[in-house]
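Note sheet for the following structure.
Please treat every number below as a calculation from the coordinates, not as lab data. Since the model is a prediction, treat every value here as computed from it, not as a measurement. Positions of Cβ are generated from backbone atoms using ideal geometry, with glycine treated the same way; all protein chains shown enter the neighbour counts.
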Amino acid sequence: KKNALAYQKVVAEHGSLDAYIWSFVRNTPIVNHRTTYRECPSSTPLSEAMSTSLKQYGFTFVGPTICYAYMQAAGLVDDHEENVCVGYNSILMTYIMQVATLHKACPLGTSHMISGGHEPSGFFLDKS
């Protein structure tokens, strides 16, 4: 219940959860050029800022590590290793263009793709 109420506050202020979440990266995925998975942090100053902001709205279970994992899963942050995939750069550019196009064209934004087509994302809901 707490997260559902917090979701309503975000939507009232930002129009959608999608718009709010993507505002942390200025609507553009952050591409980190990792050479090994060991370079991936468990959280970043950006995920800490997202966590703090979400908590101010009343969300629970949204620490910096969870926020960073969500940012990776939703495509806000790309931490894929460059040297693992043949054609990584061309695939990456195609991905960035598709996300940017979908985000601008889709009335629901892009976070609905992660949550199965509906906002609010099940990730943020709890049974409290």
- Name all residues of segment 26-43 having a backbone nitrogen under 17 Å from the label point set 7 Å from the Cα of Glu81 along its Cα→Cβ direction, giving them as ranges. 32-42
- Note on the structure: If amide H atoms are modeled at 1.01 Å from N in the peptide plane, then the residues at a separation of 5 or more from Arg34, or on another chain, having amide H under 5 Å from its own are Glu82
- Item | Added length on full extension, which subtracts the Cα-Cα distance from 0.36 nm per residue, Thr65 to Ile96 | 8.8 nm
